[in-house]
Amino acid sequence: MVRYAEPGAVEWVESGGGPLIAVPETVLPFWTGADGEETDSDYDRACEVDGHVGLLPVGDSTALVLGDEPASTAYLPDHGTFVRWCAADSEDEVLAGVPAALDAAEWQPEVSWHVPGPVFLFDAAWPGAASDRADRVRVALDPGRYAVRAAEVRPGPETWLGLVHLRRLTDR
């Protein structure tokens with residue numbers, strides 16, 4: 001088991017001020033970011049997502065938008081959760097607050113997200129084909145449907161986290 005206090009155990013993704021997006025690896029080249037030739041770029045579509053999470057079509061798949069806050073975000077596979085660092089004095093404080101935050105969270109309604117496999121999390125302004133030059137992290141998800149729910153939690157007086165929890169759904 002990875003201990004999150006170990007240096008480099010958690011990879012954080014930063015935003016330039018807009019939403020982050022988790023794009024399936026198989027459709028990464030189809031995400032145009034802010035470089036779209038249409039009136040509304042993919043980045044514009046991501047910015048229109050109202051709330052903490054939303055889904056956008058990309059190629060023949062769907063991407064997950066992490067909206068609302070341009071917070072540093074990491075994926076913690078042991079919890080199946082994207083953790084968004086909204087306010088805290090240190091990474092240790094953020095990570096120490098995750099278990100209590102998950103227990104205390106008042107979750108928003110779930111959305112169902114189908115993924116064909118691993119996704120890349122990065123700043124939605126970057127085109128997928130150039131995301132390797134951006135701050136990004138690969139999230140190894142198994143193919144299938146996931147219930148996605150979000151919450152904002154304050155596990156301590158100086159700590160404020162955004163949580164986006166993924167729960168694998170069984171196929172019927």
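Rule-based calculations on the coordinates, nothing more; no lab input. As the structure is a computational prediction, the values presented were derived from the model and not from experiment. Quick reminder, even Gly has a Cβ in these numbers, built from the backbone with ideal geometry, and neighbours come from all protein chains shown.
Taken one residue at a time, the phi angles of the range 116-132 give Karplus couplings (6.51, -1.76, 1.60, θ = phi - 60°) of x, x, x, 10, 10, 9, 7, 5, 4, 6, 7, x, x, 5, 10, 5, 5 Hz. Gly and Pro are set to x.
Taking the Cα centre of the range 20-168 as origin and assigning +1 to Lys and Arg Cβ atoms and -1 to Asp and Glu Cβ atoms, the resulting dipole is close to 540 debye. Listing His165, His114 from fewest to most neighbouring C-beta atoms within 10 Å gives His114, His165. Computed from Cα positions, the angle between helix 91-104 and the longest principal axis of the chain comes to roughly 90 degrees. Using the Cβ of His52 as centre and a radius below 13 Å, the other residues enclosed give a net charge of -4, where K and R count +1 and D and E count -1. In terms of surrounding Cβ atoms within a 10 Å radius of their Cβ, Phe122, Phe30, Phe82 rank from fewest to most as Phe30, Phe82, Phe122. Residues of the range 147-172 falling in the label zone of Glu110, defined by backbone nitrogen less than 16 Å from a point 7 Å along Cα to beta-carbon, are 147-151, 164-172. Among the listed values (i) 1.26; (ii) 1.33; (iii) 0.99, the one computed from these coordinates for Cα Rg over 2.2 N^0.38 Å is (iii). Calculated FRET efficiency, His79 to Asp40, Cβ-Cβ distance, R0 = 25 Å: about 0.15 to the nearest 0.05.
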